[in-house]
Amino acid sequence: MPPQQYADALPRAAAYVCLYVTDEGDRPLQLHSVYSPGHPWHMIGGAMDLGERPWDAVVRECREETGITAAGPPRLLATVFGQPRAQRPYSTLQLIFDGGRLTAEQIRGITLNPREHDEVRVLPLAEWEALMPARDFVRLRAVEEARRTGVAAYVDTWGNA
């Protein structure tokens, strides 16, 4: 099969990266989106640029969204897959990395990009459930468990109605 024909037959997916960060009490840190009412709270992260490596994308997104430079080494916590849907014709694939624990001082020092986020919040895991769609909380809970147990999570219900 010619290379272009093979490439055309492959499934297409948009690639995203996220950074799971907590405070020193292991309470998840989330950013409030100014542009996504369907997903109001989420982890640091975003779409990978063409040709960009996943960890490099995490470092870039973290710096752009918070002013913080993510420190390695990279530790993958979860892979999240979403089926194509009406508003997004491609599958989505998210790689979620461990961003560690931030001190209260580091959290206060976060500088948000106002075009993307208007609030940083740190809450116990259970309190996030009421603030986000069920599928977002399923992802957050799976990522927290992956960090706690050391066993990577796989979530394949992202984007399902």
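The values are calculated or read from the model by the stated rules, or taken from the named source; none is laboratory data. As the structure is a prediction and not an experimental result, all values here were calculated from the model. Because the Cβ atoms are built from the backbone with ideal geometry, glycine has one as well, and the counts that use them run over all protein chains shown. When the accessible area is computed, the model is the full protein with side chains, heavy atoms only, and any ligands, DNA or RNA have been set aside. Shrake-Rupley method; radii C 1.70, N 1.55, O 1.52, S 1.80 Å.
Would you say Arg108 is without any contact (Cβ under 8 Å) to a residue 60 or more places away in the chain, within 16 Å of the chain's Cα centre (by Cα) and open to solvent by 70 Å² or more (accessible area, probe 1.4 Å)? When the stated conditions are applied, Arg108 does not pass them.
Pairs are defined by a Cβ separation below 8 Å, a sequence spacing of at least 6 or placement on different chains, a first member in segment 41-55 that is under 17 Å from Leu76 (Cα atoms), and a second member that is among the basic types (Lys, Arg); the pairs so defined are Glu52/Arg60. Note on segment 117-151: residues that are open to solvent by 20 Å² or more (accessible area, probe 1.4 Å) and in contact with a Ser or Thr (Cβ under 7 Å, 6 or more places away or on another chain) total 2. Selection of segment 1-40 for residues being closer than 16 Å to Asn113 by Cα, of a type in the set (Gly, Ala, Ser) and touching a residue at least 40 places away in the same chain (Cβ under 8 Å) yields only Ser33.
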